[in-house]
Amino acid sequence: MAKKSPITLYGIAQSTCTQRVIATLTEKGLSFTLQSIDFSGGEHKTPKYLQDKHPFGVIPVLIDENGFKVYESRAICRYLEMKYKGKGTELIPTKDPKAQGLFEQAASTEISYFDPYASGIVAERVFKKMKGQGEADEAKVASHKAELNKSLDVYEKILSQQPYLAGEKFTLADLFHLPYGTWLVKIGEGDLFECRPHVKDWWARITSRISWKTAQAME
Ligand SMILES: N[C@@H](CCC(=O)N[C@@H](CS)C(=O)NCC(=O)O)C(=O)O
């Protein structure tokens, strides 16, 4: 009988941050159990969840062998890479400090200049409706879009010199963009990527990875 994987991911397959972790687990070739939580019923806000899983009341949370727990999607992805180094795709270069520095630079780029605007647009256009909080504030959307356009102009310059954000190889810094980038395309904002030739090619390269297709197929 196959041995049960020690890895359990608490979240839901439709959530952007859960998908980020699923893509990483798939890149690493790790089997895992996705333990869905009752998100619409607010399980993530219950005292038990706050106590046992995530004190900030969000998903996802990962539990590894011997009950080791880690939360925050990007931290979970980094943990998986370090713990399972040598398995699957190498997602953070650690042999060369310069390569690692450039990886950190690219990872910081995502969280500083992409995520706030991309997630801001998706929050207005998608999540607000889902939560019954009314219509999108289009002035906010326009402001996020203007900032994202400025950021992607810089991405275009970077990606005209190298295939991935940290250099020659695909890393977590690229992968971190996938969930919100994919939402932008789904809501008709794909031109943000399409209108810049190098960004367009990069986006096609990273979205065609099996790991991302796997994460999406689990939705
Ligand atoms: N910084 C966190 C964000 C987690 C997060 O906001 N998760 C969303 C689902 S994608 C959530 O649980 N939202 C529920 C809420 O905000 O109440 C991470 O990267 O894990």
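A short reminder: the numbers here are calculations on the coordinates, not readings from a lab. This structure is a prediction, so every number in the text was calculated from the model and none was measured. All Cβ positions, even for glycine, are placed from backbone atoms using ideal geometry, and neighbour counts span all protein chains on display.
Taking a straight line from the alpha carbon of Lys131, these lysines sit under 26 Å away, with near neighbours fewer than eight places off in the same chain left out: Lys45, Lys48, Lys53, Lys140, Lys145, Lys186.
The smallest convex shape that holds all Cα atoms of the range 136-219, its convex hull, gives 94 Å³ per residue.
Taking the simple approach of a point 7 Å from Cα along Cα-to-Cβ for both Leu50 and Glu135, what is their distance in nm? Simple spin-label model gives 3.5 nm for this pair.
Eigen-decomposition of the gyration tensor built on the alpha-carbon atoms of the chain gives equivalent ellipsoid semi-axes of 27, 24, 14 angstrom, largest listed first.
Calculated mean residue ellipticity at 222 nm for the chain: -14500 deg cm²/dmol, from DSSP H runs with n ≥ 4 weighted as -39500 (n - 2.57), summed, divided by the residue count and rounded to 500.
Length gain on complete extension for the stretch Glu194 to Lys128, per 0.36 nm per residue less the alpha carbon to alpha carbon distance?
Values: separation 66, 0.36 × 66 = 23.76 nm, distance 2.61 nm.
So the chain would gain 21.1 nm between Glu194 and Lys128.
Percent relative contact order of the range 97-213, based on C-alpha pairs within less than 8 angstrom and at least six residues apart? If you can, show how the numbers build up before the last one.
Details: 103 pairs, mean separation 35.0, N = 117.
It comes to 30 percent, rounded to a whole number.
Taking every DSSP beta bridge with both residues inside the chain, roughly what % is antiparallel (nearest 5)? Around 65 percent of the beta bridges assigned by DSSP in the chain are antiparallel ones.
Around the Cα centre of the range 21-157, unit charges on the Cβ atoms of Lys, Arg, Asp and Glu (plus for the first two, minus for the last two) sum to a dipole of about 180 debye.
Net charge dipole, the range 8-83: roughly 140 debye, given to the nearest 20, about the Cα centre with Cβ charges of +1 for Lys and Arg and -1 for Asp and Glu.
Would you kindly give the portion of the calculated P(r) for the range 8-83 that falls above 15 Å, as a percent of all Cα pairs?
Numbers: 1403 of 2850 pairs.
Tail of the P(r) past 15 Å holds 49 percent of the pairs.
Rounded to the nearest 20 debye, the dipole magnitude of the range 110-219 is 220 debye, with +1 charges on Lys and Arg beta carbons, -1 on Asp and Glu beta carbons, and the Cα centre as origin.
Explain nothing, just the number: relative contact order of the range 8-83, from Cα pairs under 8 Å at least 6 residues apart, as a whole percent. Don't skip to the end; give the middle numbers.
Working: 102 pairs, mean separation 27.4, N = 76.
This gives 36 percent for the range 8-83.
Between Phe68 and Ala13, take the C-beta separation as r, use R0 = 25 Å, and let me know the FRET efficiency to the nearest 0.05.
Details: r = 23 Å, r/R0 = 0.91.
Result of the calculation: an efficiency of 0.65.
Positive end of the dipole of the range 1-59 (Cβ unit charges, origin at the Cα centre): among Val58, Ser15, Leu34, the Cα lying farthest that way belongs to Leu34. Only one residue of Phe193, Ile158, Ala136 has its Cα farthest out toward the positive end of the dipole of the range 133-219, where Lys and Arg carry +1 and Asp and Glu -1 on Cβ, and that residue is Ile158.
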